[in-house]
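Single-structure report; data block below.
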């Protein structure tokens, strides 16, 4: 395989440098290109890029929101998401938006390299191995669906109709979402979810 060109997008210069050194040690032929934001990455020359390593939480346009922008610039280039957040709904949303895979920053260097090699080889690393360990309480897939519709401003009645649920079931899901984020209103829940990168 020709020397891969890997674009690393992260707003922490220290992390970029550290990960770049890890990749270079494991893949000496790899060319590492760094960017501190989606806009900086988008302003790069449209040269061949074999893989984008993209942090979910970025200053300015978030990584989650920037997936589509990067895919427009490099349509055939896989995007491997990096995040310190280890939540299944984040993984699901990233994959829905076009990411080829997801790996936690909490993983060992060896596991991150393994994920990079898998994606470069065309095998999508959909879930981080860290997802397999017991973790804190998380939103269920159905609660994520309700959260997405809350973000769109739908009332409980419209959410119930959209998801074919009873009003009481939707009301219970909304209450569980408020408790999950430890807030008292739907608007606060949406803000908290946005801050955590769960919604765009």
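The values are calculated or read from the model by the stated rules, or taken from the named source; none is laboratory data. None of the values given here were measured: they were computed from a predicted structure. Every residue, glycine as well, gets a Cβ built from its backbone with ideal geometry; the counts of neighbours run over all protein chains shown.
Contact map, segment 115-132: first residue more than 14 Å from residue 53 (Cβ to Cβ), second residue at pLDDT below 50 and surrounded by 15 or more Cβ atoms within 10 Å (Cβ to Cβ), Cβ cut-off under 6 Å, separation 6 or more or different chains; the map is empty.
Only a single item in (1) part of a helix (DSSP H, G or I); (2) within 18 Å of residue 49 (Cα to Cα); (3) within 10 Å of the chain's Cα centre (by Cα) is not met by residue 89, and it is number (2). Listed conditions (1) part of a strand (DSSP E or B); (2) touching a helix residue (DSSP H, G or I) at 6+ places or on another chain (Cβ under 6 Å) are all met by residue 82, apart from (2). Candidates 83, 62, 24, 17: the one that is closer than 21 Å to residue 120 by Cα and at pLDDT below 90 is 83. The condition (being crowded, with 18+ Cβ neighbours inside 10 Å and in the same structural domain as residue 31 (by TED's automatic domain parsing)) is satisfied by just one residue among 108, 91: 91.
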